Structure formats: C-alpha cells, structure tokens
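Working notes, structure below.
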Amino acid sequence: MEKPPPPLSEHDYDADLSLRRIVTHARENHASDIHLNVSRPPAFRIQGVLRFTEVRPLTEADMLGFLDEI
C-alpha cells in the first residue's frame, strides 16, 4: 500500500481558498470525492480514507464563492 499524500495545508492556498485549488489538489492526489461543509475544513477521500485538510474551516461566504466559480 502506498503512502498517503500530505494533507492540504494553509500555505497551499496563500490567502485564497478557491474551488479550483481544492479540485486540483483532489485530482493530483487521486481523491475519489471532496467533502465541503460550512464550519469544517475541506476533506478528501483518498485510498478509501476520509482525510481532513489543515486549512481553516469553511465559511458560508466560502461556499457561496465556490458556487460563483461554477
């Protein structure tokens, strides 16, 4: 079994937390799904394990911003 990737951390985003960067990280690490919830940090399912990131919890404004990106 290969070693899991390092968790996404605050420095991976600078000050910008965008949906594009979250999806890019998921693709680069072969995540099968992404979990986005207000008051929780983003999480990815990688190799069947749900892995939370080390970034700040998402806000309602973050989620609305993600919708604007779509």
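Among the residues that make up segment 15-23, is at least one of them at pLDDT 95 or above, under 12 Å from the mean Cα position of the chain (by Cα) and either at positive phi or open to solvent by 90 Å² or more (accessible area, probe 1.4 Å) (or both)?
No, segment 15-23 has no match at all.
Can you name the residue in segment 28-70 that is farther than 18 Å from ASP16 by Cβ and among the charged types (D, E, K, R) and is also most open to solvent (accessible area, probe 1.4 Å) among such residues?
It comes out as ARG40.
The values are calculated or read from the model by the stated rules, or taken from the named source; none is laboratory data. All values derive from a computational prediction rather than experimental measurement. Every residue, glycine as well, gets a Cβ built from its backbone with ideal geometry; the counts of neighbours run over all protein chains shown. Surface areas here come from the heavy atoms of the whole protein model, side chains and all, with no ligands, DNA or RNA. Shrake-Rupley method; radii C 1.70, N 1.55, O 1.52, S 1.80 Å.
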